[in-house]
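The values are calculated or read from the model by the stated rules, or taken from the named source; none is laboratory data. From a predicted model like this one, the values you see are computed outputs, not experimental measurements. Here the Cβ positions follow ideal geometry from the backbone for every residue, glycine too, while neighbour counts run over all protein chains shown.
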Amino acid sequence: MSASSAAADKPTLDGSCHCGAVKFAAKSVDLADVCRCNCSICNISGRVGVPVKDGDLFVVKSDGSQFPLHIDSDRSEFPPGQSVYGRRHTQHHFCNKCGIHVFSVSDVPSFGIYIGVNVLCLDLKKIGVDIKDVSHPSKVTYCDGRSDTWERRKGEPWPGGAW
């Protein structure tokens with residue numbers, strides 16, 4: 001299956017951090033909308049994001065039950081292996097065992113609610129897609145999070161951003 005046909009299907013994908021302590025499921029993933037942000041956290045961690053709609057990201061608890069993650073989710077509901085950093089516009093969710101940045105939840109005044117899953121954490125093999133096919137610089141949208149405008153463009157990173 002090609003990346004473009006997978007994007008058209010908008011599949012539900014399972015994801016996790018490196019060690020498996022933080023697990024999640026993301027519905028309606030549009031692999032044609034992969035994004036690299038130039039903010040310090042995304043840049044330093046090498047995160048490559050893909051948006052999901054509010055209510056389409058489900059954290060999987062150790063007993064297998066799921067709960068939807070929203071911008072106003074009660075942090076006491078988060079599994080023990082998950083750490084949350086940030087309070088201004090964005091909550092960055094990391095595994096507190098292996099340190100992987102798994103997803104973020106933002107409420108940016110100029111942009112609205114944005115839930116971004118680290119595409120590198122998704123099980124793309126499930127749909128026959130190789131990460132290189134969706135994260136190639138020619139296919140990525142670059143976001144200007146560093147200046148807080150969240151402006152998006154194709155083809156070239158914003159200043160301070162990575163390819």
Any idea which residue in segment 85-106 is modelled with the lowest pLDDT, counting only those that are touching a Ser or Thr at 6+ places or on another chain (Cβ under 9 Å) and surrounded by fewer than 17 Cβ atoms within 10 Å (Cβ to Cβ)? GLY86
Taking first residues from segment 51-66 that are touching a residue at least 40 places away in the same chain (Cβ under 8 Å) and second residues anywhere that are among the hydroxyl-bearing types (Ser, Thr, Tyr) and assigned to a loop (DSSP other than H, G, I, E, B), the pairs with Cβ under 8 Å that are 6 or more apart or on different chains are VAL52/SER28; LYS53/SER28; ASP56/SER28
Pull out all pairs, ordered by first then second residue, where Cβ-Cβ is under 8 Å, the residues are six or more apart or on different chains, the first lies in segment 12-27 and is over 21 Å from ASP54 (Cα atoms), and the second is part of a strand (DSSP E or B). HIS18/CYS95; CYS19/CYS95; ALA21/GLN82; ALA21/CYS95
Would a scan of segment 72-84 turn up a residue that is loosely packed, with under 14 Cβ neighbours inside 10 Å, part of a loop (DSSP other than H, G, I, E, B) and at pLDDT 80 or above? no
So which of ASP54, ASP33, ASP63 is within 19 Å of TRP158 (Cβ to Cβ), surrounded by fewer than 22 Cβ atoms within 10 Å (Cβ to Cβ), acidic (Asp, Glu) and modelled with pLDDT of 80 or more? ASP33
Would you point out the residue of segment 107-147, among those that are of a type in the set (Asp, Glu) and loosely packed, with under 14 Cβ neighbours inside 10 Å, that is nearest to PRO68 (Cα to Cα)? ASP123
Which residues, counting only those in segment 135-151, are touching a Phe, Trp or Tyr at 6+ places or on another chain (Cβ under 8 Å) and among the polar types (S, T, N, Q)? SER147
Residues located in segment 9-26, provided they are buried (at least 22 other Cβ atoms within 10 Å of the Cβ) and of a type in the set (Gly, Ala, Ser): GLY15, ALA26
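Condition check ((1) assigned to a helix (DSSP H, G or I); (2) farther than 18 Å from CYS42 by Cα; (3) under 16 Å from the mean Cα position of the chain (by Cα)) across all residues:
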{"site": "VAL117", "(1), (2), (3)": "no, no, yes"}
{"site": "LYS125", "(1), (2), (3)": "yes, yes, no"}
{"site": "VAL129", "(1), (2), (3)": "no, yes, no"}
{"site": "LYS132", "(1), (2), (3)": "yes, yes, no"}
{"site": "SER138", "(1), (2), (3)": "no, yes, no"}
{"site": "ASP148", "(1), (2), (3)": "no, no, no"}
